[in-house]
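Data block below; observations after.
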Amino acid sequence: MDKGTAAFDEIFRQNERRIHYHIHRLNIQDPHQEYFQEGLVAMWNAYEKYEPDKGPMATYFNFIIQKRMMDLRRIQYREAKREETPFNEEHDYQSEENAYSRLPQDASESSFREAFWEEVREMLTENQWKWVRFSVIANMPVKEIAEQEGVTAEAVKSWGKAARRKLRKVMSKGGSAVDL
């Protein structure tokens, strides 16, 4: 055991409750000790990078541990949402037809959805429709859409913002799903 490890063992014993505090404070259920392990790694990293002239070690530990746990929680939430999406099958983002091919094959429901998306398409500009088609229907990340369309990610985000604004406006007026 080297000097750094021995020193960290002592620091860990003194600050172990800090990890449990943040797990409890963030209201996290941790049956498999994932968050505790993440907090331990965060504490080790904080210990390694700590600079005494920038503030107290305890404050730095709190900051790093809390942010790491929040990051892990955010990652797990996104993974869970991704698993819930109905378009979780193989993705071929190159063709518009592919987005429609993943819709249910029941003729009435399929025709309803096609009518719905056609109504949405009619009220949006071409770029706003691209955002809906790729981001909403095909569940593509903004960065991929930007690369495919040869524009910046900020441009794609502005298409989405404008499209959402238009769609909210129609829905706030009491429009039905097909009226969109």
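The values are calculated or read from the model by the stated rules, or taken from the named source; none is laboratory data. The model shown is predicted, which means the values in this text are computed figures rather than measured ones. Please note: Cβ atoms are built from the backbone with ideal geometry, for glycine as well, and neighbour counts cover all protein chains shown.
Miscellaneous remarks
- Yes/no for Ala153 being surrounded by 17 or more Cβ atoms within 10 Å (Cβ to Cβ) and modelled with pLDDT of 85 or more: no
- Considering (1) surrounded by 10 or more Cβ atoms within 10 Å (Cβ to Cβ); (2) at pLDDT 85 or above; (3) more than 22 Å from the chain's Cα centre (by Cα), the lone condition that Trp117 does not fulfil carries the number (2).
- Taking the stretch 18-64 as the range and being closer than 19 Å to Phe8 by Cα and in a loop (DSSP other than H, G, I, E, B) as the test, the residues that pass are Tyr50, Glu51, Gly55, Pro56.
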